[in-house]
Amino acid sequence: MLLDWRPATNWGFVMTTVIHKTPEQLREQRARLLAEVGMSYEQLRDRAEVYSLSMDELDVWHTIEGIDYLLAGDCRGDVEARRAGDHVRR
């Protein structure tokens with residue numbers, strides 16, 4: 001399940017739209033987003049670490065972080081590699 005945080009109003013109340021996606025759909029969206037910015041996950045991550053992303057690229061980065069969280073490391077080991085790297089750097 002992926003949450004879409006665009007506010008939708010209904011009688012003055014702000015509501016959150018919930019979008020249901022399968023893991024395969026999330027992996028496809030992730031690949032499509034990387035293709036749109038023309039970078040690999042590693043390239044996007046490295047540029048994010050040094051604050052070198054455009055606003056559109058930053059939106060993609062945050063979306064990919066959310067997808068990776070939802071997939072809990074099911075994307076070619078990228079999330080697990082990042083977690084392992086975090087343990088080494090501490």
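Computed from the coordinates by the stated procedures, all read-outs in this text should not be read as laboratory data. None of the values given here were measured: they were computed from a predicted structure. Neighbour counts are summed over all protein chains in view; Cβ atoms, including those assigned to glycine, are modelled from backbone coordinates with ideal geometry.
Some observations on this one:
- With the highest mean first, a sort of the peptides 37-44, 19-26 on other beta-carbon atoms found within 10 angstrom per residue produces 37-44, 19-26.
- A crude spin-label estimate for the pair residue 40 and residue 55, with each label 7 Å from Cα along the Cβ direction, gives 3.0 nm.
- Here is the size of the range 20-65 from its Cα atoms: Rg then Dmax, 10.7, 33 Å.
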